[in-house]
Amino acid sequence: MQRHDHRLPDVWLGANFWSRTGGPLMWRHYSPTVVREELSALADHGLTMTRSFFYWPDFQPAPERLDEEKVSHFADFLAAHAELGMTTVPTFIVGHMSGENWDPSWRAGRPIYSDVWMVSQQAWFIEHLTARFADHPAIAGWLISNEIPIYGGQAPEPVVTAWARLMVQAVRAGGGRQPVSIGDGAWGLEVSGHDSGFSVRRLAELTDFVGPHVYAMETDVIRSHLKAAFICELAAVGDRPVVLEEFGLSSDFATGAKAERFYRQFLFTTLTAGATGWIAWNNTDYDDLAAQRPYSHHPFEMHFGITDSRGRPKPPLKALEEFSGVLAAIELTRCRRADVDAALVVPSYLSAGYPFHDEAQRRLAAAHGEQAYIAAREAGLPVGVVREEEDGGLPGGYRLYLLPSVKELAGPSWLQLAELARGGATVYVSYCAGESPDQRGPWWSATEELFGVRNDLAYGLNDPVDDVVTIRFTADFGDIRAGQTLEFTAAGNENSRAYLPVEVIDGRVVAVDRNGRPMIVVKEHGSGRAVLSTIPVEHFAARRRGANPEDTWRLYQALASMASIPRPLGVDDPRVLVDSLERDDGVVFHILVSEHPDRARIRLDGQPGLIKPDGLTDLDGEPVGDSVLLDPYGVAVLRSGAGDAESTGGMSGTGPHDDRLRLQRPFTFGVATAAYQIEGAAAEGGRGPSIWDTFSHTPGRTLGGDTGDVACDHYHRFASDIALMAELGVDAYRMSISWPRVQPEGTGRLNPEGIAFYRRVLTMLREHGIRPVVTLYHWDLPQPLQDAGGWTVRETAAAFARYAATMAREFDDLAVDWTTLNEPWCSAFLGHCSGVHAPGVTDPATSLLVAHHLNLAHGMAIARIRGELGSRARCSVALNLHVTRPADPDDPADVAAAERIGTLGNDVFLAPMLEGRLPDALVAATSALTDWSFVTDGDLAVIHQPLDLLGVNYYSSNVVRRRRATDPRNSGGHGDTGVSPWPGCDDITFLDPTGPLTAMGCNIDPDALTELLVGLGRRFPGLPLMITENGAAFPDGADAEGRVEDVERIGYLEQHLAAVGRARQSGADVRGYFLWSLLDNFEWSWGYTRRFGIVHVDYRTLRRTPKASFAWYRDLIGSRVLTID
């Protein structure tokens, strides 16, 4: 059966943030420099987000007024996050913090939840702050309050829920679309048994996640380590993701090593309990604020930081960094909790609010559940924590039901337990009289039918037990053999230290105490059974200091054996907690958490398990053998199952027959453009002419004589275009730098206006949290270089390498992703063979020389960029790779034709760049044109540079055959000047495409994309792939209301993203997808007659109108789930 496993779209791992410059008063003493230092310290250790606070007295100094200085500080705070690729979750009503309540002076004691005017002021505050920042990419979510039950007090549940509904609506009214929650700490009835009015279940109906705050102290080490995990299980009652909004400890309360241990245990045990976010309290210490409240009267509050007051890491940050690495390695967003066969039942009495039922009894039910959860974990028995329905009812489908130390269960549930047993389940119930003298005794029914016993109680009296209860098994019980004993130390008060005396009717006694009294009774029910423990073993342990591990785990292990529930691993040690996560490619991660105070070697084959030790590896893929060595209170993460591919993140199915594909981060979503196609301003800002200016101004070269002089006027409108990208929600933007804009001559002096322009663009992208991916050459060679020979001379390759190094140096602070060339095949063969592209040369032999010089330029540029930036740079190239199929797969001539096109279309660049070789097939195919003597010694070594990524541009596929006499000429969809763009292939015919076509006349063949990606993955293992261009032109037109319903484009994109998913499932390491294109634009020799954009551009007014595909892509990015029809 499935356990609760609700997740946010992204994993949150971060810290609650007050700057050391002022703690809660940081906005009065705001330092941009210090904030960036503090955030960098977190980011450097793998943390990706913070929780931040609008300190209410400062941000709303008067009714319906915001303090603009504080608001501007917060805007800079967001910019600092964006610069580091971090996000934050702001908290609005910050009236309580760190042991003190902080009131706006104008509140004047008004009730927070029920005073109409006061409620309206809170809603105004939330709505207006949300409106200021809702569209900022650094906003990950929203919290209404911080621990408001402490600040606003308790109130009846209907009042609290009504208040919360209005506050959440205020976020939505302000434009906040991100996940929102209340920030109350999830201390409500369903978790704690205390009714504060803040119902976890009711508030979850209004919100997107539940956020426990966990600081409980304990008297037992293992209970301390698992407390937050059990709280996560209980907090999932609302069927919402669980985010640990606050947890941590003051270093005044624990030494460094013990603090690190606590963090490690907390993180990994809650990971397997279904948590999806962790926000530590807090980022820094505050030693310089000892005289400031709250630190003056709560001095220990100064030292909850994961860095000290000088920004140096403290031991908990080491545990967080380790945890961050594990989350990345297992790709948590692709994982789900392993299914279970055992249910731990939480009685409805915990939260139903039945009449004449007090809080002490509710808290006792929670304590018993927690102790049973601990014993199950010690037994290697993962459980699903399930709740009895109000007035009775239990979920079916489990093999084992655990009802620990039960005093109360609703009447219908007792009857259902017998039905479950008859259906094949093992039902275990242990008795507890409860700690209250009122109505002391079992609130049970049907004990004779269920257990085969009749209780032998005397009214108003209980039956005490010895200080230590030793039970001896008189018959085999699961894997416990007759004659073995278990020992339980009694605890509790005078009411609860008792057992249930019974008269056995048709049950079977399998264990007795030293006095021969029945302790364990079993009654068979068909293929199932009911098991009664007459002593409250879980209660005893729950009420003892240092109890764990105690022998309840052996009892549970035996119950699992009786229920035929195997262990995932053969670990037989109650001080090693084992649970599993399953990734969507079939890999299983086994998480072992040690409760040993010393280093311990743990055998993995001590008992039979589903997973054999020889199938286990560590996260690096190294076999672990039959044992693993765990540090004191340490953690090991092991994996089994081959999976479909090496773990890389991103896109995969949610199940073997699912119709959805998940595209979770780190899978990158982006859009792409090119400078000449969108910028315009061809003669502005010091820009020099390019070969495309010359080409497009030559009559007959483009349809309608169109040029890029104005294009989309992005040069003047880049801010609004970036705003569109922010609205779209993209992770990254693939753009190109116009070489003649920054270096008009192609060599020598730089154009400061051009440099400034791209600095503004890159800065704005970073401010919006959009990662720039910079292409250095997208076909706009400076005309002076062309006049000197262009790509036909080696010097142009050298000039390009110098230009690449200069750009890397100029924009080092703003970009890390550098693509050398876009589609060099087009530059070489469309530009110099068929001549349909600039510079319009029609010489097949020259095109091959150009291809080599482009290869050289790529290799020389990579070397220069790495020389400037070292490992900071991520380098790639974007190739338009061809999938070419033979018309007749059984005809050797057709097969040879397809292979030759593959050589001319793909290997001409792939082989030199990625394998350092010139393909023999290429030399043979073009031998009538050139002897390739221009490839000099050392050239291939220069070209063959290591890449961080291979960019793949894909639009359509081709079908070819050996030319027949009657075949018409066809260039494979690349235009026709009378000269084919395929040198040495005049004897090959490209067949006209069939089926649905795009406006470019290209076929729609998503299966070819899958084939291409899978083939690349197998040919170049270890090299990540990125779809750097994919899209389609269709005859878009606005309707009477100005809308563009481009359903054909949406269909095309859906099919090709699904193709990417299939490739991933087949082992291709595809890291992301850049849609071509953001805007309708100048489509080269087609001019403005072909539209690829998801934003319509009116070329007369330059007005931008997002198409239906824009909204579709925005929604896809938001959900990161693609539904496949």
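The values are calculated or read from the model by the stated rules, or taken from the named source; none is laboratory data. Remember, predicted model here, so these are calculated numbers, not experimental data. For neighbour counting, all protein chains shown are included, and Cβ atoms are generated from backbone atoms with ideal geometry for every residue, glycine included.
Among the residues of the range 943-961, which ones are surrounded by 21 or more Cβ atoms within 10 Å (Cβ to Cβ), of a type in the set (A, V, I, L, M) and under 34 Å from the mean Cα position of the chain (by Cα)?
Within the range 943-961, 949, 950, 952 qualify.
Of the residues 50, 33, only one is crowded, with 18+ Cβ neighbours inside 10 Å and of a type outside the set (A, V, I, L, M, F, W, C); which?
Selected residue: 50, the only one of 50, 33 that is crowded, with 18+ Cβ neighbours inside 10 Å and of a type outside the set (A, V, I, L, M, F, W, C).
When you go through 130, 91 one by one, which is the residue that is in contact with a helix residue (DSSP H, G or I) (Cβ under 6 Å, 6 or more places away or on another chain), among the hydroxyl-bearing types (Ser, Thr, Tyr) and within 30 Å of residue 764 (Cβ to Cβ)?
Step by step, each of 130, 91 is checked, and only 130 is in contact with a helix residue (DSSP H, G or I) (Cβ under 6 Å, 6 or more places away or on another chain), among the hydroxyl-bearing types (Ser, Thr, Tyr) and within 30 Å of residue 764 (Cβ to Cβ).
Just one of 390, 419 is charged (D, E, K, R), closer than 20 Å to residue 233 by Cβ and modelled with pLDDT under 95; which is it?
Just one listed residue meets the conditions, 390.
Could you check how many residues of the range 1059-1082 are in a loop (DSSP other than H, G, I, E, B) and farther than 23 Å from residue 728 by Cα?
4
Go over the candidates 828, 861, 838 one by one and state the one that is in contact (Cβ under 8 Å) with a residue 12 or more places away in the chain, surrounded by 23 or more Cβ atoms within 10 Å (Cβ to Cβ) and within 17 Å of residue 948 (Cβ to Cβ).
861
Being hydrophobic (A, V, I, L, M, F, W, C) and surrounded by fewer than 18 Cβ atoms within 10 Å (Cβ to Cβ) is the filter; apply it to the range 85-109 and report the residue that is nearest to residue 27 (Cα to Cα).
Here the residue is 106.
Restricting to the range 467-490, give me the number of residues that are under 13 Å from residue 519 (Cα atoms) and of a type in the set (D, E, K, R).
Total meeting the criteria: 2.
How many of the residues in the range 653-676 are of a type outside the set (Lys, Arg), part of a loop (DSSP other than H, G, I, E, B) and either over 30 Å from residue 692 (Cα atoms) or modelled with pLDDT under 70 (or both)?
9
Is there any pair linking a residue in the range 375-399 that is under 29 Å from residue 576 (Cα atoms) to one that is basic (Lys, Arg), with Cβ under 6 Å and at least six apart or on different chains, and which?
That search, which allows pairs on different chains as well, returns 380/567; 384/3.
Kindly indicate the residue of the range 1083-1122 that is in a loop (DSSP other than H, G, I, E, B) and of a type in the set (A, V, I, L, M, F, W, C) and also nearest to the chain's Cα centre (by Cα) among those meeting that condition.
1094
Being surrounded by fewer than 16 Cβ atoms within 10 Å (Cβ to Cβ) and touching a strand residue (DSSP E or B) at 6+ places or on another chain (Cβ under 8 Å) is the filter here; which residues of the range 509-536 pass it?
514, 524
Identify the residue in the range 151-177 that is surrounded by fewer than 19 Cβ atoms within 10 Å (Cβ to Cβ) and over 17 Å from residue 119 (Cβ atoms) and, among all such residues, is modelled with the lowest pLDDT.
In this case the residue turns out to be 177.
Pairs please, first residue from the range 1095-1116 and closer than 26 Å to residue 662 by Cβ, second anywhere and among the basic types (Lys, Arg) and not in a loop (DSSP other than H, G, I, E, B), Cβ atoms under 6 Å, 6+ apart in sequence or on different chains.
1109/1049
Of the residues that make up the range 283-291, is at least one touching a residue at least 24 places away in the same chain (Cβ under 8 Å), closer than 15 Å to residue 12 by Cβ and crowded, with 20+ Cβ neighbours inside 10 Å?
Yes.
Is there a residue being under 21 Å from residue 771 (Cβ atoms), aromatic (Phe, Trp, Tyr) and assigned to a helix (DSSP H, G or I) anywhere in the range 57-77?
yes
Can you tell me which residue among 192, 224 is at pLDDT below 95 and over 22 Å from residue 12 (Cα atoms)?
192
Which ones in the range 828-847 are in a helix (DSSP H, G or I) and touching a helix residue (DSSP H, G or I) at 6+ places or on another chain (Cβ under 6 Å)?
Correct list: 828, 829, 832, 846, 847.
Go through the range 78-102 and count every residue that is assigned to a loop (DSSP other than H, G, I, E, B) and either modelled with pLDDT of 95 or more or over 23 Å from residue 182 (Cβ atoms) (or both).
Selection size over the range 78-102: 3.
Out of the range 714-746, which residues are under 24 Å from residue 1118 (Cβ atoms), surrounded by 20 or more Cβ atoms within 10 Å (Cβ to Cβ) and small (Gly, Ala, Ser)?
The one that is under 24 Å from residue 1118 (Cβ atoms), surrounded by 20 or more Cβ atoms within 10 Å (Cβ to Cβ) and small (Gly, Ala, Ser): 732.
Test residue 19 against the stated conditions and say whether it is modelled with pLDDT of 95 or more, part of a helix (DSSP H, G or I) and either over 19 Å from the mean Cα position of the chain (by Cα) or crowded, with 21+ Cβ neighbours inside 10 Å (or both).
For residue 19, the condition - modelled with pLDDT of 95 or more, part of a helix (DSSP H, G or I) and either over 19 Å from the mean Cα position of the chain (by Cα) or crowded, with 21+ Cβ neighbours inside 10 Å (or both) - is not met.
Filter the range 808-819 down to the residues that are in contact with a strand residue (DSSP E or B) (Cβ under 6 Å, 6 or more places away or on another chain) and within 21 Å of residue 751 (Cβ to Cβ), then identify the one that is surrounded by the most Cβ atoms within 10 Å (Cβ to Cβ).
Once the filter is applied, the top-ranked residue is 818.
Within the range 850-893, count every residue that is more than 26 Å from residue 957 (Cα to Cα) and either outside the structural domain of residue 1030 (by TED's automatic domain parsing) or of a type in the set (A, V, I, L, M) (or both).
So the answer is 9.
Condition first: in contact with a strand residue (DSSP E or B) (Cβ under 7 Å, 6 or more places away or on another chain) and either not assigned by TED's automatic domain parsing to the domain that holds residue 1107 or not polar (S, T, N, Q) (or both). Now tell me which residues in the range 1024-1052 satisfy that.
1024, 1025, 1026, 1027, 1029, 1031, 1036, 1038, 1042, 1044
Could you grab me the full set of residues in the range 914-942 that are at positive phi and either among the aliphatic types (A, V, I, L, M) or surrounded by 14 or more Cβ atoms within 10 Å (Cβ to Cβ) (or both)?
The answer is 916, 932.
Scan the range 805-815 residue by residue and report those that are in a loop (DSSP other than H, G, I, E, B) and either among the small types (Gly, Ala, Ser) or at pLDDT 95 or above (or both).
Within the range 805-815, 811, 815 meet the criteria.
Specify the residue that is nearest to residue 829 (Cα to Cα); the eligible residues are those in the range 942-999 that are of a type in the set (Phe, Trp, Tyr) and part of a loop (DSSP other than H, G, I, E, B).
982
Having 1 or more residues that are within 30 Å of residue 663 (Cα to Cα) and touching a strand residue (DSSP E or B) at 6+ places or on another chain (Cβ under 9 Å) is the bar; report the helices (runs of 4 or more DSSP H) wholly within the range 691-804 that clear it.
Once the helices (runs of 4 or more DSSP H) in the range 691-804 are filtered for at least 1 residues that are within 30 Å of residue 663 (Cα to Cα) and touching a strand residue (DSSP E or B) at 6+ places or on another chain (Cβ under 9 Å), what remains is 714-728, 752-767.
Using the structure shown, decide if residue 147 is among the charged types (D, E, K, R) and either on the phi < 0 side of the Ramachandran plot or in contact with a Ser or Thr (Cβ under 6 Å, 6 or more places away or on another chain) (or both).
When the stated conditions are applied, residue 147 does not pass them.
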